[in-house]
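The next block holds one structure in the form of structure tokens; read it before the comments.
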Amino acid sequence: MPHIHKVALVTGGTGGIGTAICQHLYVQGITVAAAYYGGGKHEKAQTWKAKQSELGYEFTTVYADVKDDQSCNSMVSDVLKKHGKIDILVNNAGITQDAQLKNMSTEQWLTVLRTNLDSVFNVTRAVINDMVQRNYGRIINISSINAQKGQFGQVNYSAAKAGIHGFTMALAQEVARKGITVNTISPGYIATDMVMAIPEEIREKIIAQIPVGRLGKPEEIARMVTYLAASESGFITGANFALNGGQHMH
Ligand code: NDP
């Protein structure tokens, strides 16, 4: 089979896990557009891009607020203009705003639902017609262990992340005959800035609950993304992959 050059769009592409995903896809010879937000500021993404270039990775960066459907439509048009198509979409952008339900504001609820779940709808809807027309696509949604087991202080995050897999399973059925696969990855605790910012004492307690005895690495999530993104992975769809060091088995 002739090698067909692929294009990927990765939301949250400049973040901890996102950077590893972009790098791993790039190494496969895939053109990668890394989407960033930065609260509407562009400097951090430019610095990230320059640093990646020094390391030998050349990425396109594209801006979007994934909460906003118009912003996602413009981002996708941008990528299509620059690269002609999108074969692989990784919905990886996400945030936490933790509080117990009794103290959670409507704003904390809505911001996390919009950033973590509406985002998947906004970006995927913007991309899907191009994939359907070309009869090919790989969509990978990044959920969380806390969608599967729940987490104290995270009704917003757990609900949004659990919603992602419902989206995955429904869309997988809609587009299965169009050569498009849709899958979820549910990472456990990964050693990104987000997790390393947790006080060491609490982090040690978390690690004690992980049978493999350590945090995961962003690269370990990226390897799974690359596997699912391959054209050879066409029989895997609607699945949810738990990458959590054995912390939650079901
Ligand atoms: P980071 O905080 O490093 O990355 C999150 C990314 O989301 C950032 O690149 C950020 O972009 C982007 N983002 C946030 N808000 C928006 C927005 N409104 N519009 C567009 N992009 C936005 O975290 P991680 O790399 O750790 O997390 C990546 C994903 O993995 C998340 O979905 C997270 O929930 C999930 N996850 C992480 C785990 C972990 O242990 N780290 C465990 C389980 C799941 P920018 O910085 O440009 O604003």
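The values are calculated or read from the model by the stated rules, or taken from the named source; none is laboratory data. These numbers were taken from a predicted model, which means no experiment stands behind them. Because the Cβ atoms are built from the backbone with ideal geometry, glycine has one as well, and the counts that use them run over all protein chains shown. The accessibility values were calculated without ligands, DNA or RNA, using every heavy atom of the protein model including side chains. Shrake-Rupley method; radii C 1.70, N 1.55, O 1.52, S 1.80 Å.
Below is a table of values for the structure above.
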| item | result |
| --- | --- |
| Residue among Ala172, Ala147 that alone is in contact with a strand residue (DSSP E or B) (Cβ under 8 Å, 6 or more places away or on another chain), more than 14 Å from the ligand (Cβ to nearest atom) and under 20 Å from Thr11 (Cα atoms) | Ala172 |
| In segment 143-154, the residues that are more than 18 Å from His250 (Cα to Cα) and buried (at least 18 other Cβ atoms within 10 Å of the Cβ) | Gln154 |
| In segment 141-167, the residues that are in contact (Cβ under 8 Å) with a residue 40 or more places away in the chain, more than 21 Å from Ile128 (Cβ to Cβ) and not charged (D, E, K, R) | Ser144, Ile145, Gln148, Phe152, Gly153, Gln154, Val155, Asn156, Tyr157, Ala159 |
| Residue in segment 155-168 that is part of a strand (DSSP E or B) and buried (at least 19 other Cβ atoms within 10 Å of the Cβ) present | no |
| Checking Ala242 against (1) in a strand (DSSP E or B); (2) under 30 Å from Arg134 (Cβ atoms), the condition it does not meet | (2) |
| Unmet criterion (only one of (1) within 10 Å of the ligand (Cβ to nearest atom); (2) in contact with a strand residue (DSSP E or B) (Cβ under 9 Å, 6 or more places away or on another chain); (3) aromatic (Phe, Trp, Tyr)) for Phe241 | (1) |
| Residues that are in a loop (DSSP other than H, G, I, E, B) and open to solvent by 40 Å² or more (accessible area, probe 1.4 Å), drawn from segment 221-235 | Gly234, Phe235 |
| Residue list for segment 182-214, restricted to those being touching a helix residue (DSSP H, G or I) at 6+ places or on another chain (Cβ under 7 Å), outside any loop (DSSP other than H, G, I, E, B) and open to solvent by 40 Å² or more (accessible area, probe 1.4 Å) | Asp193, Met194 |
| Members of segment 77-86 found to be surrounded by 23 or more Cβ atoms within 10 Å (Cβ to Cβ) and out of contact with any Asp or Glu (no Cβ under 7 Å at 6 or more places or on another chain), listed by number | Val79 |
| Subset of segment 1-56 [open to solvent by less than 30 Å² (accessible area, probe 1.4 Å) and more than 11 Å from the ligand (Cβ to nearest atom)] | Val7, Ala8, Leu9, Leu25, Ile30, Val32, Ala33, Gln52 |
| Positions within segment 155-166 being touching a Ser or Thr at 6+ places or on another chain (Cβ under 7 Å) and near the ligand (Cβ under 10 Å from one of its atoms), in sequence order | Tyr157, Lys161, Ile164 |
| So Ala126, is it more than 19 Å from Ile17 (Cβ to Cβ) and either surrounded by 23 or more Cβ atoms within 10 Å (Cβ to Cβ) or touching a helix residue (DSSP H, G or I) at 6+ places or on another chain (Cβ under 9 Å) (or both) | yes |
| Number of positions in segment 87-120 that are in contact (Cβ under 8 Å) with a residue 12 or more places away in the chain, assigned to a helix (DSSP H, G or I) and surrounded by fewer than 17 Cβ atoms within 10 Å (Cβ to Cβ) | 2 |
